[in-house]
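Data first, discussion second: the structure below is written as structure tokens.
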Amino acid sequence: MTTEFPELAEAHLGGLLDQLGLAVPYSRASGDTLYFVDDTGTEVAVDDFVGGYGSLIFGHHHPTLTRLLHDLLERQVPVHAQFSRHPYANDLAAALNRVLHREFGIAEPYRAIFANTGAEAAECALKHAEMERGQRVAALTAEIDTHLDEARAAAAAGAGLPGDAATARLGAFTDVDGLIAAVRQHNAAQLARGPVFLTLENSFHGKLAASVQLTHNPAYRLPFRTLAAPARFVPVDRPGAVAKAVEAERVTVFDLESGDGAVRLVERDLPVIAAFFAEPVQGEGGIRPLDAALAAEIRQAAEAGGFPVVVDEIQTGVGRTGTFFAGAQAGLLGDYVLLAKSIGGGLVKNAVLLVRDSRYQPEFELVHSSTFAKDALSCHIGLAVVDLLEADGGQAYRTVRERGDALRAALDGVAEANADVVAEVRGRGLMQGLEFRDQTDAPAGVVRDFARNGLFGYLVAGRLLRAHRIRVFPTASAPHTLRFQPSLAVTDEAIARLVTGLTDVCALIRANDPTLLTG
Ligand code: PMP
């Protein structure tokens with residue numbers, strides 16, 4: 001480290017990692033292994049179960065992908081060629097469509113908007129959904145305007161106006177122009193409302209200004225709540241909760257119906273809900289697979305309410321759970337689908353918003369862009385990632401399921417042998433979580449202290465790294481749950497070492513042993 005300046009790149013976080021022994025400067029990575037050089041100059045291998053927070057379905061530096069990247073650079077393929085034709089982006093979109101069509105048994109094309117990061121793809125979805133909602137609002141407003149003109153004409157022809165009940169709701173009016181003015185005034189106030197987004201409790205959809213409002217964790221969300229539209233968080237464990245949440249957001253505007261010699265006051269639903277966001281397996285919220293009945297409730301509410309379902313596959317997608325799209329197993333088809341993380345092949349940043357053709361707003365392309373999005377390097381790598389998954393009749397998906405089963409069996413074994421310490425193991429494929437029992441009421445000591453300060457998982461992670469050379473982390477919003485997201489090449493030996501490490505930390509937790517922090 002240079003001494004001219006203090007540590008400038010997130011020293012506060014670095015200090016925290018240092019305390020736990022997690023501030024290791026890794027120097028090399030391959031497959032499921034990260035390496036650092038210790039004080040004696042020896043290279044030390046670390047089993048990596050974090051996998052770039054789920055970005056490494058093929059591990060670090062997969063040879064096919066690194067070779068392709070070398071080749072692209074060798075051939076001087078333009079990295080920056082904005083506002084030109086990008087056939088490689090189209091090829092990747094087509095490849096994603098082929099998989100989507102097969103896994104969901106659908107035929108409708110999904111248009112692609114490329115971005116750089118997961119949160120950025122979520123922001124694209126938020127903006128696109130609001131653009132769509134704007135159209136629904138505009139269509140309703142135009143229809144009401146026509147009806148108001150018809151009411152004026154009907155009144156001129158002698159139709160009776162609505163009676164006392166309408167006057168009570170709208171304020172006094174004496175003629176049709178007064179009635180129309182009152183309707184317009186009422187509606188203007190309702191139409192000025194911003195959108196509401198629905199999502200689930202424990203959700204995580206990013207940390208940018210708008211997407212963080214859909215991230216349940218209050219520590220991430222609340223300091224920035226004034227910046228963007230709010231989300232409503234629907235409970236995951238209460239049947240009927242989705243319909244109830246939709247009903248709670250119901251806002252109506254007034255319209256006038258003319259016919260049979262009368263003008264009548266009626267209410268119309270204003271499209272307030274812009275979209276429903278959901279992860280097929282909640283990642284940062286603690287590795288929680290979405291319940292099929294809840295998935296059906298979400299789909300049903302979206303059909304009835306006319307708003308899109310945004311399926312966030314940023315962490316679950318690209319083969320992670322044993323199919324390309326985890327939504328295919330959860331029974332949740334998105335009108336929008338978000339991908340990021342592993343679509344970058346562990347080498348580049350890439351993300352994409354896929355939008356069902358029938359909902360797609362072509363004008364979005366003229367008002368949204370990013371300097372770095374849709375570049376040749378990330379599109380070529382993304383296409384190679386899809387090709388690797390699809391090769392040999394989908395062998396990679398079978399491998400994910402087989403390796404996922406092996407990992408799951410090992411974690412279940414740890415849970416069974418340490419049932420006093422481990423609460424539950426959850427997940428799908430190579431996205432598994434192990435939740436420790438709540439330790440906030442443990443006897444005084446390091447276990448209780450860390451449980452109470454919300455860093456319990458990091459305490460365990462520190463011990464596993466220092467003593468066992470295993471890299472794991474808790475999920476971002478559920479600090480008692482460790483996440484395991486290795487590549488599909490994870491070995492039985494690495495899994496066996498994980499079991500040894502977890503067995504050790506369970507014993508230390510049980511004994512309330514300070515070695516957890518120091519040893
Ligand atoms: N959505 C989900 C489901 C995620 O897991 C994440 C990242 N953990 C994001 C969005 C945000 O992605 P990024 O970190 O690339 O912004």
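The values are calculated or read from the model by the stated rules, or taken from the named source; none is laboratory data. This structure is a prediction, so every number in the text was calculated from the model and none was measured. Cβ: placed from backbone, ideal geometry, glycine included. Neighbour counts: every protein chain shown. We work out accessible area using only protein heavy atoms, side chains counted, and drop any ligands, DNA or RNA first. Shrake-Rupley method; radii C 1.70, N 1.55, O 1.52, S 1.80 Å.
For the range 273-306, name all the residues that are open to solvent by less than 10 Å² (accessible area, probe 1.4 Å), assigned to a helix (DSSP H, G or I) and either free of Cβ contacts under 8 Å to residues at least 40 places away in the same chain or over 30 Å from R193 (Cβ atoms) (or both). Result: A295, A302.
Assess whether Y35 counts as being outside any helix (DSSP H, G or I) and of a type in the set (S, T, Y). When the stated conditions are applied, Y35 passes them. Going through (1) open to solvent by less than 20 Å² (accessible area, probe 1.4 Å); (2) modelled with pLDDT under 95 one by one, L517 falls short only on (1).
For the range 111-165, a tally of residues being at pLDDT below 95 and either within 18 Å of D335 (Cβ to Cβ) or within 16 Å of the ligand (Cβ to nearest atom) (or both) returns 0. Against the criterion of being open to solvent by 10 Å² or more (accessible area, probe 1.4 Å) and touching a helix residue (DSSP H, G or I) at 6+ places or on another chain (Cβ under 9 Å), D335 does not qualify. Among the residues in the range 460-468, are any of a type in the set (V, I, T) and buried (at least 18 other Cβ atoms within 10 Å of the Cβ)? Scanning the range 460-468 turns up at least one residue that is of a type in the set (V, I, T) and buried (at least 18 other Cβ atoms within 10 Å of the Cβ).
Within the range 323-366, track down each residue that is touching a residue at least 40 places away in the same chain (Cβ under 8 Å), over 23 Å from V385 (Cβ atoms) and out of contact with any strand residue (DSSP E or B) (no Cβ under 9 Å at 6 or more places or on another chain). Answer for the range 323-366, where residues must be touching a residue at least 40 places away in the same chain (Cβ under 8 Å), over 23 Å from V385 (Cβ atoms) and out of contact with any strand residue (DSSP E or B) (no Cβ under 9 Å at 6 or more places or on another chain): S358, E363. Within this structure, A478 passes the test of being closer than 21 Å to P289 by Cβ and either open to solvent by less than 10 Å² (accessible area, probe 1.4 Å) or modelled with pLDDT under 95 (or both).
Restricting R250, R221, R184, R238 to those that are without any contact (Cβ under 8 Å) to a residue 60 or more places away in the chain and within 16 Å of the ligand (Cβ to nearest atom) reduces the list to R221. The condition (being surrounded by 21 or more Cβ atoms within 10 Å (Cβ to Cβ), more than 18 Å from T64 (Cα to Cα) and modelled with pLDDT of 95 or more) is satisfied by just one residue among F364, F324: F324.
Could you tell me whether the range 364-383 includes any residue that is farther than 16 Å from S487 by Cβ, within 16 Å of the ligand (Cβ to nearest atom) and assigned to a helix (DSSP H, G or I)? Checked against the condition, which is being farther than 16 Å from S487 by Cβ, within 16 Å of the ligand (Cβ to nearest atom) and assigned to a helix (DSSP H, G or I), the range 364-383 yields at least one hit. Restricting L148, L179, L161 to residues that are open to solvent by 30 Å² or more (accessible area, probe 1.4 Å), closer than 11 Å to V263 by Cβ and in contact with a helix residue (DSSP H, G or I) (Cβ under 9 Å, 6 or more places away or on another chain) narrows the list to L161.
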